[in-house]
Amino acid sequence: MHAWLRDELGRLRGDVESHLAGRSVRPRALAAHCLAFCSALERHHTGEDAAAFPALAEQFPQLRPVLQELTRDHRIISDILRRLQSLLDGLGDRDAAQPRDVQAELDGLAALMESHFTYEERKIAAALDSLDIPGWHDAPPAFLRIASASASASASDSGDDGDGGGDDDASHC
């Protein structure tokens, strides 16, 4: 999941760069791509906070300080996602600063995500892999799946201008 989120953020940053250079990516398509990515990231972190981290804390109490730090990162990332949503709501209103502001927020998000993912992978991956939670092997929880997020991102890649549908459970960008 982390690899997919890293790749998707890279694609999103590329879309913003293309938009800034005037090479493509309509504002609505950019907003749709961001919605898909941000929704997947938020779902992943919410699932970790609600399911994975409590299970880890129970089985590995020594990891509680690490889990608290990771949860704190999730809140900071969520704040960035809210700022992105606010910026994207006005994107295309002929304000040249907005795409640059989106780019700056994405750059900050990329730096924080990389630090967060690297720390998480280094500190809890082995413990997480050792968890034996009934049902996770047969049907992984939503925060560990990328299929629905990939479909949403693909819709924005296919030229969807964001008019139709969207991710109703997405609370951020």
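Key figures
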quantity: Percent of Cα pairs exceeding the 15 Å cut-off, where the set is the range 16-63; calculated: 62 percent
quantity: ARG122-ARG100 FRET efficiency (beta carbon distance; Förster radius 22 Å; 0.05 resolution); calculated: 0.10
quantity: Percent RCO, i.e. relative contact order, over the range 35-107, from Cα pairs under 8 Å lying at least 6 residues apart; calculated: 23 percent
quantity: Low-density loop positions, trypsin sites (Lys or Arg not before Pro), the range 1-102 - DSSP coil, at most 13 other Cβ in 10 Å; calculated: ARG23, ARG94
quantity: C-alpha center-to-center spacing [the range 103-121, the range 1-40] in angstrom; calculated: 15 Å
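Values quoted throughout were computed directly from the atomic coordinates according to the rules given, and no laboratory measurement underlies them. This structure is a prediction, so every number in the text was calculated from the model and none was measured. Note: ideal-geometry Cβ built from the backbone for every residue, glycine included; neighbour counts use all protein chains shown.
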